[in-house]
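Peer 1: Quick one: the structure is below, and I'll ask about it shortly.
Read-outs throughout are calculated quantities, based only on the coordinates presented, and are distinct from any laboratory measurement. Because the structure is a prediction, the values reported are computed rather than measured. Using ideal geometry, Cβ is built from the backbone for each residue, glycine included, and neighbour counts are taken over all protein chains shown.
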Amino acid sequence: DKDHGNKCGWFWYEEPEPEVDDESEKEREPLPPLPARAELMAMHPEDLKTLRDDYLNQAVWKPTPENVKDYYVVHDTIRRKSLAFTNVTSLVMLQNPELNVGREYPITNPGREAFTKVRREGYKSTLTQYRNKYGLIVFTKQGCDYCVIQKGVLNHFVKQHAWDIKEVDINRDPQIAATFNVDFTPITILVERNTKNWMPVAVGSESLRTVEENAYRAIRLLRGDTSPEQFFVMEHEQGGVFDPTAPGGYQ
């Protein structure tokens, strides 16, 4: 017979000792001292972010005055580098006005008033110029409360711009509705006279301003004065900072 002096293990109804996870038992090592300020300022932003997260974790883990201070030293370094970027940005915007959005989008109250006035005059001028070449069709149906609201909006549009507007009930004139792919109401469509060109300018009940702006944009798009990428670009903004197709003053 074999010697069974060491009677241990599963065969002898004894569960083995659980293995000790060295990583979980091991005490986390404290972070090394921070580099000098000059070295911190020279670090890459991604490295600074990693450093900030590491020292934040340490400060939350062991919130001693020293650990919390180390975190805020890194945080302050990031703040200073961000401030330097902001300062240089202001200088670059002054030296390169073609990159400065402020020249076409003012933030002061007088500037905003002028901005709004220029846009309103642009809409009005175009809508007046082409009112005999384009018209609006509003598709409605009986029992549609939103249609009543939209018709009221379009009545104001007629009073201000003297356009022709036709109402079409999709249940009474299903063929016309099918021609424009309309299966719900209200929807307002701009049509070019004596052509097959048309484009929606309001889906559902929209404000007077929205109808005006979209009618302006639709006219410019149908005439080929603008591209889909420039749909929100007004005529006076073409080639400027809000024109995604403009070179921006550099090649």
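Peer 1: Hey, rough spin-label estimate for E113 and D225, points 7 angstrom out along Cα→Cβ, what's it come to in nanometres?
Peer 2: Output for this residue pair reads 2.8 nm.
Peer 1: Evaluate the distance, in nm, between pseudo-label points positioned 7 Å from the Cα of R103 and of F184 along their respective Cα→Cβ axes.
Peer 2: Inter-label distance under the simple model: 4.3 nm.
Peer 1: Among rounded, prolate and oblate, which fits the chain when a ≥ b ≥ c are the square roots of the eigenvalues of its C-alpha gyration tensor, a/c under 1.5 means rounded, and a/b larger than b/c means prolate?
Peer 2: Because a/c hits 1.5 or more and a/b fails to exceed b/c, the chain counts as oblate.
Peer 1: How would you order 130-136, 99-105 from highest to lowest mean count of nearby Cβ atoms within 10 Å?
Peer 2: Values: 130-136: 16.9, 99-105: 13.4.
Ranked by mean Cβ neighbours within 10 Å, highest first: 130-136, 99-105.
Peer 1: Determine, for segment 135-213, the count of lysine pairs separated by eight or more sequence positions (or lying on different chains) whose alpha-carbon distance falls under 22 Å.
Peer 2: Close lysine pairs found across segment 135-213: 5.
Peer 1: Ranked highest first by the average count of other Cβ atoms within 10 Å around their residues, in what order do 207-218, 155-166 fall? Mind showing how you got there, number by number?
Peer 2: On the way: 207-218: 18.6, 155-166: 14.1.
Taking the mean over residues of other Cβ atoms within 10 Å, the ranking is 207-218, 155-166.
Peer 1: At 7 Å along the Cα-to-beta-carbon direction for both Y146 and N197, put a label point, then send me their distance in nm to one decimal.
Peer 2: Once both label points are built, they end up 2.9 nm from each other.
Peer 1: Let me ask something additional. Within the chain, what percent of beta bridges assigned by DSSP are antiparallel, to the nearest 5?
Peer 2: Details: 11 of 16 bridges.
Counting DSSP beta bridges with both partners in the chain, the antiparallel share is about 70 percent.
Peer 1: Another one. Please say if segment 30-114 is rounded, prolate or oblate, where rounded means a/c under 1.5 for a ≥ b ≥ c the square roots of the C-alpha gyration tensor eigenvalues, and otherwise the choice is prolate for a/b larger than b/c and oblate otherwise?
Peer 2: prolate
Peer 1: Which residue fluctuates the most in the chain, going by a Gaussian network model with Cα springs under 10 Å, if the choices are P110, P30, P228?
Peer 2: P30
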